1. Among the residues of region 96-126, count how many are more than 18 Å from Thr152 (Cα to Cα) and part of a loop (DSSP other than H, G, I, E, B).
2. Please go through (1) modelled with pLDDT under 90; (2) part of a helix (DSSP H, G or I); (3) of a type outside the set (S, T, N, Q) for Arg148 and return the number of the only condition it doesn't satisfy.
3. Filter region 132-149 down to the residues that are among the charged types (D, E, K, R), surrounded by 15 or more Cβ atoms within 10 Å (Cβ to Cβ) and farther than 14 Å from Ser104 by Cβ and list them by number.
4. Determine which single condition Ile139 fails, assuming it passes every other condition in (1) under 22 Å from the mean Cα position of the chain (by Cα); (2) among the β-branched types (Val, Ile, Thr); (3) at pLDDT below 95.
5. List the residue pairs whose Cβ atoms are under 6 Å apart, where the first residue sits in region 159-185 and is assigned by TED's automatic domain parsing to the domain that holds Lys138, the second is surrounded by 13 or more Cβ atoms within 10 Å (Cβ to Cβ) and at pLDDT below 60, and the two are 6 or more positions apart or on different chains.
6. Would you tally the residues in region 122-157 being under 21 Å from Ile92 (Cβ atoms) and among the acidic types (Asp, Glu)?
7. Which residues, taken from region 95-110, are out of contact with any helix residue (DSSP H, G or I) (no Cβ under 6 Å at 6 or more places or on another chain) and surrounded by fewer than 20 Cβ atoms within 10 Å (Cβ to Cβ)?
Amino acid sequence: MNAKLTRTIIIVFLIVVLIALSVGLIAVCIHSGFKDALLKFIDSASIGTRALLMCASVLLILLSAFLLFVPAFEKKVPDLLLKTLENGEVSIKSSALEKLAELSIDNVQGVKGKKIHVDTKDMMLVYHVQLTVSDNVKIPEVVDKVQRRISTYVSDRIGTAVNNVDVQVVSCSRDDSKPVVTRVR
């Protein structure tokens, strides 16, 4: 599951729990008057209820601390540093690198769909490409052409070598451009 989705689910859960606890506390306060309402509630609760409240409080504190510190440990895709000049640095975002790769293979015959991700860790440039290819092509030839085009096109544009282009064919699609021959008897 995606980390952002997990965090969102936890936050929504915490909000629902806090609202439920607040509504319960407000109901107790309205029912017994505002003065000493919390103490009356705790005094009237059984040992099991008190333990449950204590565990819920500790859990809320731990989850709150977790939510506060998780963004600090979030994995961030680094930009690719191209040059360091005396006035500053020149870098390129991973989204721009992915777009360059997309542009390089837009006209490759037999490629029907593509999904491209780039890793720029440790100053290395590694592309991960998922392709949907036409059913009437030789897949090894299409994959080789995609690898060469991405490597050459991106290297020429940014002046840095592409270390690796991993290609995975995830699907085949019927080529609608070829004529359909029907036989009549």
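1. Qualifying residue count for the region: 1.
2. (1)
3. First, pick out the residues of region 132-149 that are among the charged types (D, E, K, R): 135, 138, 141, 144-145, 148-149.
Restricting the remaining residues to those that are surrounded by 15 or more Cβ atoms within 10 Å (Cβ to Cβ) gives 145, 149.
Passing the criteria: none in range.
4. Unmet condition: (1).
5. none
6. Final tally of qualifying residues: 2.
7. The answer is Ser95, Ala96, Glu98, Lys99, Glu102, Leu103, Asp106, Asn107, Gln109.
The values are calculated or read from the model by the stated rules, or taken from the named source; none is laboratory data. Please read all numbers here as calculations on a predicted model, not as lab measurements. With ideal geometry, Cβ positions are generated from the backbone for all residues, glycine too; neighbour counts draw on all protein chains shown.
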